[in-house]
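Everything below concerns the one structure shown next.
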Number of protein chains: 2
Amino acid sequence: MRAPESPNRRPPVYTSVQARLREYAAEANLRPGDRLPPERELARQLGVSRSSLRQALMALRIEGLVDVQHGNGVYLLRSPTDTIPPLAAELRQRDPELPSLGEVRNSLEALAAELAASRRNDDDLADMVGGVRRMEEEIVAGEDGLVGDRMFHEAVLQAAHNPVLRDLLSAIREGSARIATASLRRAGQPARSLAAHRLILEAVVARDPE
Amino acid sequence: MRAPESPNRRPPVYTSVQARLREYAAEANLRPGDRLPPERELARQLGVSRSSLRQALMALRIEGLVDVQHGNGVYLLRSPTDTIPPLAAELRQRDPELPSLGEVRNSLEALAAELAASRRNDDDLADMVGGVRRMEEEIVAGEDGLVGDRMFHEAVLQAAHNPVLRDLLSAIREGSARIATASLRRAGQPARSLAAHRLILEAVVARDPE
DNA sequence: ACGCGCAGAGAGGTACGACCACTATGGACA
DNA sequence: TGTCCATAGTGGTCGTACCTCTCTGCGCGT
């Protein structure tokens, strides 16, 4: 029988060290690229052995938060408040041209649009309009409309108000950015894409999850 | 000027240990749930210190490949040939009760069913039928139909023939397994769930992506 | 015979301390 | 002025000792 409420065990030290290192980086106002104190120093300050500290560093390294350079030092890679670490890395390794990834992506984009339609507020709407407008300007200027396209998708994602979806789709997009570029560069594609975005926009305005 | 051939000719030990542990698990024909030899034994066999071995284990743990239990041993969680590594870990950390996750999950399940309908072959179909049948048996026996439910979903996922979707959904499900359990335990829910599965099955039989 | 409890074995977790390997730096020397 | 190299400082590895937790089985009491 298990006692769910009793403190059945003390959590491992390295997890708390990991968390405290994040706090430290935040409180010391460290920015990406800054160097952290040496391992021995950090271990002393946190009151743990160097072994435990190195375990925590290993975890943070795998998460992509820090870069540990032999003989040089430990450097902060991202702001400790960011999320999405391993996900993007994993998806980036897959071949972006994989039709499988495209299918998943499309499905999630559809979900985003659907959620956006029912949840959007006026700010979200303004951002989406801004994206479409920007895309128009780019296209009449003979460009491919990439910036506006990105703005629009970002706005839709924001309007969906779903953090999991947001992280997932951001990661997938990062991995398939090349594809989007290539696609939009095809003749006539920007115009078609713009029209599709207008349709979505109209539906979102009408709060119709179509 | 840097010498492109000579620079860092000594990669970290723990990376190679990590890889060798994967090989070991594969060659020893270990399956998920099996226990690995003790740390001291593994370190001796691989010819490295226990510290380095533990670094590698830490990495594998974060990847979600192994489960290290204090006082008990190290257990294999997935087949070492699987992919998904960091993805599952990331999704697993999120709160499974998050409505956001549920929305994404439902959307992907729908996609899976849709793809399954158009791509399924006879083997896939047989597996799906088996799942539903198992679920029926469980329910008439007064159980909750969990095993059959899982079999069915697995079969649908297989029938979709989309590796990215497969990895993603497996990861999400692993994190929300408790929810599914709780849901199926509610009175009347198993019957409703079974009916829904029958509908999906019929559509897949008819190759109708509904 | 049965059930309970406790001690031991074996596993992972933590801590030091020593030494190795790499990087950057600055002074000595040509 | 430019090059080389000794050195200090940092992460990387190792070995050992000891702590904590989990599981198991023996022995005692009932």
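What follows is calculated from the coordinates using simple rules that are stated; it is not laboratory data. None of these values were measured; they are calculated from a predicted model. Backbone-built Cβ (ideal geometry, glycine too); neighbour counts: all protein chains shown.
Taking H as built 1.01 Å from N, whose amide H comes closer than 5 Å to the amide H of B:Leu30, not counting residues under 5 places away?
It is none; the list stays empty.
Could you give me the ³J(HN,Hα) list for region A:52-57, computed from phi with Karplus coefficients 6.51, -1.76, 1.60 and θ = phi - 60°, whole Hz, x at Gly and Pro?
Per-residue couplings from phi come out as 5, 4, 5, 4, 5, 4 Hz.
So the label point sits 7 Å from Cα along the Cα-to-Cβ vector; using that for A:Arg50, what distances do you get to the other copies, in nanometres, sorted shortest first?
1.9
Using Cβ counts within 10 Å as a stand-in for footprinting exposure, how do A:Glu23, B:Glu109 rank, fewest first?
A:Glu23, B:Glu109
Non-local amide H neighbours of B:Val66 (under 5 Å, H modeled in plane, Pro and chain starts lacking H): which ones?
Here the answer is B:Arg61, B:Leu77, since their amide H atoms fall under 5 Å of that of B:Val66.
Using a label point 7 Å beyond Cα on the Cα-Cβ vector, give me the inter-copy distances for B:Glu136 in nanometres, one decimal, shortest first.
B:Glu136 label point versus its equivalents elsewhere: 5.8 nm.
Along Cα-to-Cβ, 7 Å out, sits the label point; list in nm, shortest first, how far the one on B:Leu30 is from those in the other copies.
List, nearest first: 3.3 nm.
Quick one: which residues, 5 or more positions from A:Leu36 or on another chain, have an amide H under 5 Å from its amide H? H modelled 1.01 Å from N in the peptide plane, none for Pro or chain starts.
Amide H neighbours of A:Leu36, under 5 Å, 5+ apart: A:Val74, A:Tyr75, A:Leu76.
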